[in-house]
Amino acid sequence: MDRYEIAIIGSGPAGYVGAIKAARAGVPTCIIEKGEFGGVCLNIGCIPTKAMVASAKMLRNARRSSEFSVKIDGAISASLEDFYRRKDRIVEVEKKGLINLVESSGAVIKKGHASFLDNNTIKITSDGSEEIIHAKNIVIATGSKPAALPFLPFDGVKVLSSDNMLNLDKLPKSLLVIGGGYIGCEFASIFSALGTKVTIVEALPHILPNMDGDIAKVLDREFRKEKIEIHTNSKIVGAKISDVVTITLEDGTDISAEMALVSIGRRALIDGLGLENTGVSMLPQGIIKVNNQMRTNVPNIFAVGDVIGNPMLAHVASAECKVAIANALGNHFIMDYSVIPSGVFTYPEIGSVGLTENAARQMGMDVKVGSIQLRKIGISHASGEIIGLAKIVTDAISDKIVGAHIIGERATDLIHEIAAAMFQGMTSSMLGRMIHSHPSFSEVIAEAAQDVSGEAIYETRKAA
Ligand code: FAD
């Protein structure tokens with residue numbers, strides 16, 4: 001029986017980062033994966049969707065070429081198959097590189113389904129063969145799977161999960177997106193660019209319900225300009241499948257489409273993991289319970305990433321696994337969730353960090369907000385990307401930045417400047433005073449920061 005200091009179950013952005021960290025620390029490490037190496041993120045999540053987002057962006061830009069004084073002779077065309085082909089190529093190249101990186105760190109990759117026999121013993125099953133390994137510490141990084149609607153279960157043909165969306169036989173003429181969160185919105189943006197008639201149905205008052213309302217409003221407006229139909233505050237009370245998928249809303253409206261994407265959230269993946277052989281406790285929401293050191297109630301077993309349900313994001317998963325590995329090696333690191341930037345790769349794209357204005361007010365905070373439209377700064381016109389805004393939320397008493405939200409070109413990268421400022425406890429006036437290069441999209445950050453105290457240069461204002 002092979003013996004390891006650390007065994008990690010699952011090779012997503014939690015597991016592979018942890019495996020590299022542990023192996024580089026010089027301890028015997030193995031990582032077990034039952035599916036494709038790289039997990040959801042690399043195979044059916046972040047990377048393939050962003051590859052398709054990039055194709056969709058190129059297509060939109062090609063259609064706008066005359067705005068940039070560029071003539072394209074002949075038809076501009078794109079197909080779902082070609083988008084998929086590029087996406088698959090990127091995933092394969094990334095996967096090879098990743099496997100090489102993990103192996104060269106010294107970690108052993110084992111292929112198969114892992115299940116606990118006890119707190120230190122794992123059975124790995126693959127194609128009928130079985131292997132038993134022993135590990136002093138075990139990290140559960142098994143990720144998540146799409147949540148299904150009980151009255152509209154996935155069939156992979158008409159009722160689709162995000163997994164299916166990356167592998168369809170044909171482009172649907174019409175697509176119903178049930179759930180207007182970031183995954184639903186990203187697919188809406190991609191498929192709309194390809195010519196699919198998209199309808200989004202969201203139960204809450206606005207699409208991207210966890211995002212700042214002002215930001216969601218801009219996306220809603222831009223989606224509608226693209227002829228994406230949006231129903232908010234809309235609960236589904238019935239569904240049937242014939243040649244098309246038809247859902248009935250609470251107000252009696254029927255909506256039909258050739259296919260439906262159900263994107264209502266994700267559930268922790270613990271199927272067949274044998275947790276019952278360990279005594280690891282779960283929370284009522286079906287996620288594994290851990291403390292702030294990523295340790296479960298069983299001292300040598302850790303859990304990280306989507307399976308513990310803290311914002312289900314790749315970079316959070318990686319950060320958690322770094323903490324788990326450090327602690328498995330004898331440290332007492334605490335996981336810091338205070339600043340988590342995130343991106344939504346729609347057109348236009350969104351970057352967000354910290355509290356929304358609404359959430360800050362609901363917490364009873366005295367709030368001051370600064371905001372600026374992208375169209376106010378020169379680079380947006382030079383680049384032909386004038387849609388969007390940046391918004392900074394501060395604590396009115398201390399002026400400390402508590403959140404920031406940007407929609408528009410490069411928002412998913414720009415947000416990190418404000419994340420870094422928040423991490424350092426900076427105030428909006430400090431950020432506003434910092435020189436930002438001209439012309440650059442980062443000027444919206446300086447302007448939004450200065451707008452908190454009414455001092456944005458590019459906002460029209462009379463002398464006091
Ligand atoms: P996963 O990536 O889910 O990996 C878990 C791995 O464990 C899987 O490979 C699974 O096969 C394996 N496994 C499970 N059980 C066992 C077992 N018993 N034995 C062996 N192996 C097992 N996040 C972002 O931050 N940015 C984005 O832009 C983004 N886009 C996304 C787009 C889509 C369509 C989706 C679905 C997700 C997206 N996410 C994004 C979320 C991101 O993919 C997840 O947060 C991330 O993959 C979680 O990482 P993880 O390591 O916890 O789990």
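Pairwise alpha-carbon distances in the chain exceed 32 Å for 47% of all pairs.
Take the Cα pairs of segment 395-464, get the Kirkwood Rh, then feed it into Stokes-Einstein at 10 °C and 1.306 mPa s and tell me D in µm²/s.
Details: Rh = 12.6 Å.
The Stokes-Einstein estimate is 126 µm²/s.
Would you mind getting me the FRET efficiency between I340 and D73? Use the beta-carbon distance for r and R0 = 51 Å, nearest 0.05.
Values: r = 47 Å, r/R0 = 0.91.
My answer for the efficiency is 0.65.
Per-residue ellipticity at 222 nm for the chain, helices alone: DSSP H runs ≥ 4 residues times -39500 (n - 2.57), over residue total, nearest 500 deg cm²/dmol?
Details: 13 runs with 146 residues, N = 464.
Roughly -9500 deg cm²/dmol at 222 nm, from the helical runs in the chain.
A crude spin-label estimate for the pair T253 and A382, with each label 7 Å from Cα along the Cβ direction, gives 4.3 nm. Ranking H113, H332 from most to least accessible surface, computed with a 1.4 Å probe over the protein chains only, gives H332, H113.
With each label modelled as a point 7 angstrom along the Cα→C-beta vector, the D127-Q362 pair spans 5.1 nm. The calculated FRET efficiency for A420 paired with N119, based on their beta-carbon distance and R0 = 60 Å, is about 0.90. Full extension of the segment from K50 to I397, taken as 0.36 nm per residue of separation minus the current Cα-Cα distance, would add 121.0 nm. For each pair in K227/K462; K145/K225; K87/K197; K96/K136; K111/K170, compute the distance between the two Cα atoms and list the pairs where it is over 27 Å. As for pairs spanning more than 27 Å Cα to Cα, those are K227/K462; K145/K225; K96/K136; K111/K170. Per residue, the solvent-accessible area of segment 147-276 (1.4 Å probe, heavy atoms of protein chains only, all protein chains present) comes to 43 Å².
At 37 °C and 0.692 mPa s, what whole-number value in µm²/s does Stokes-Einstein give for the translational diffusion of segment 160-207, with Rh from the Kirkwood sum over Cα pairs?
Values: Rh = 11.0 Å.
Answer from the Stokes-Einstein relation: 299 µm²/s.
Modelled label positions at E103 and H134, each set 7 Å beyond Cα in the direction of Cβ, lie 2.8 nm from each other.
With angles folded into 0 to 90 degrees, how steeply does helix 13-24 sit against the dominant principal axis of the chain? Use alpha carbons for both and round to 10. That works out to roughly 60 degrees.
Each Lys and Arg adds +1 at its Cβ and each Asp and Glu adds -1 at its Cβ; summed about the Cα centre, segment 2-128 shows a dipole of about 440 debye.
Checking every one of the trypsin sites (Lys or Arg not before Pro) in segment 211-282 against DSSP loop status and a limit of 13 other Cβ atoms within 10 Å picks out K227, K235. Length available on full extension from I457 to D88: 0.36 nm per residue minus the Cα-Cα distance, which gives 128.2 nm. With viscosity 1.306 mPa s and temperature 10 °C, the Kirkwood radius over alpha carbon pairs of segment 63-204 converts through Stokes-Einstein to a diffusion coefficient of 81 µm²/s. The count of lysine pairs in segment 306-449 that are at least 8 places apart or cross chains, and whose C-alpha atoms lie under 19 Å apart, stands at 4. When the P(r) is computed for segment 335-464, the part past 17 Å accounts for 54% of the Cα-Cα pairs. Each Lys and Arg Cβ is given +1 and each Asp and Glu Cβ -1; about its Cα centre, the chain then shows a dipole of about 420 debye. In the chain, taking the dipole from charged Cβ atoms about the Cα centre, the farthest positive-side position among I435, V316, I99 is held by I435. When the inverse distances between all different Cα atoms of segment 368-426 are averaged and flipped, the Kirkwood radius reads 12.1 angstrom. Evaluated at q = 0.19 Å⁻¹, a Debye calculation over the C-alpha positions of segment 313-368 (equal weights, vacuum) places log10 I(q)/I(0) at -0.82.
The mean sequence distance of close C-alpha pairs (under 8 Å, at least 6 residues apart), as a share of the length of the chain, puts its relative contact order at 14 percent.
The values are calculated or read from the model by the stated rules, or taken from the named source; none is laboratory data. Quantities reported herein were computed from a predicted structural model and do not represent experimental measurements. Note that each Cβ is placed from the backbone with ideal geometry, even for glycine, and that neighbours are counted across all protein chains shown. Note: areas computed on protein heavy atoms with side chains; ligands, DNA, RNA excluded. Shrake-Rupley method; radii C 1.70, N 1.55, O 1.52, S 1.80 Å.
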